[in-house]
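What follows is a single structure, written as structure tokens, with notes after it.
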Amino acid sequence: MRWSDRLFRRPPLIVAGQPATGWLGLLTSWGTAGYGAASASSATGMLLSAEEACGSLSTAVCQVAGWGGLLMGVVLLAVAAVLGLVVARGFGPPITWWVLPIMLGALAFAPFRAAAGASVPWLWLLLAVASAMLALAVAGAAVRRGKAALYGWIRIDGLDAREVAHRPIDRVLAPAALAAAVIAGLFGAHVIRLLSES
């Protein structure tokens with residue numbers, strides 16, 4: 001069995017539930033992932049440039065905000081996977097397949113979140129490049145899963161897409177998931193910025 005088959009397994013049992021519950025799980029799981037990734041990336045960037053990012057604040061306050069934001073981001077990424085399993089139940093793009101590339105992408109983007117004029121250690125830049133390459137590899141493997149990765153296993157009306165084909169209207173699932181992640185991510189980055197300035 002290939003590593004991608006182990007990483008992106010189909011669930012042995014899909015409980016469709018109600019479409020309204022599926023939408024709730026889809027939006028909350030992707031929103032939580034976006035917020036968590038932005039929080040982790042912004043907080044790591046702050047930690048990389050604590051002196052420049054903190055300004056007149058004490059370094060201790062900045063360190064607390066940085067480590068707290070990083071921990072919050074990692075925990076929220078884990079919570080996103082739980083929401084996808086417990087609430088969405090296979091409805092829409094499965095966040096459990098996308099949490100790892102999102103987390104790796106957040107690490108890769110962290111140096112760009114450092115304060116202006118900060119000198120980022122070359123070791124961290126090397127880690128960021130490696131994270132970006134891994135994120136692209138894992139995301140590419142997820143995309144090769146086809147419709148299950150982009151539209152999910154469950155149709156909007158709650159039917160199993162392995163037994164009943166997706167309809168054109170089901171294509172709204174992927175843009176909705178992306179929009180939820182982007183909006184929540186922007187909000188997460190804003191929250192970390194406010195924490196570092198308060």
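The values are calculated or read from the model by the stated rules, or taken from the named source; none is laboratory data. What you are looking at is a predicted structure, and each value in this text was computed from that prediction instead of being measured. With ideal geometry, Cβ positions are generated from the backbone for all residues, glycine too; neighbour counts draw on all protein chains shown. Just so you know, the surface numbers come from the protein's heavy atoms only, side chains and all, with ligands and any DNA or RNA stripped out. Shrake-Rupley method; radii C 1.70, N 1.55, O 1.52, S 1.80 Å.
Does PRO175 satisfy the condition of being closer than 22 Å to SER42 by Cα and open to solvent by 40 Å² or more (accessible area, probe 1.4 Å)?
The answer is no for PRO175.
Could you say whether any residue in segment 144-154 is in contact with a Phe, Trp or Tyr (Cβ under 9 Å, 6 or more places away or on another chain), touching a residue at least 24 places away in the same chain (Cβ under 8 Å), basic (Lys, Arg) and not in a helix (DSSP H, G or I)?
Yes - at least one qualifying residue is present in segment 144-154.
Look at segment 32-74 and say how many of its residues are modelled with pLDDT under 70 and within 18 Å of TRP124 (Cα to Cα).
Total meeting the criteria: 4.
Restrict the check to segment 162-182 and report whether at least one residue is closer than 22 Å to LEU70 by Cα and either without any contact (Cβ under 8 Å) to a residue 24 or more places away in the chain or not aliphatic (A, V, I, L, M) (or both).
no
Results for (1) buried (at least 16 other Cβ atoms within 10 Å of the Cβ); (2) charged (D, E, K, R), shown as yes or no for each residue.
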residue: LEU123; (1), (2): no, no
residue: SER131; (1), (2): yes, no
residue: VAL138; (1), (2): yes, no
residue: ARG155; (1), (2): yes, yes
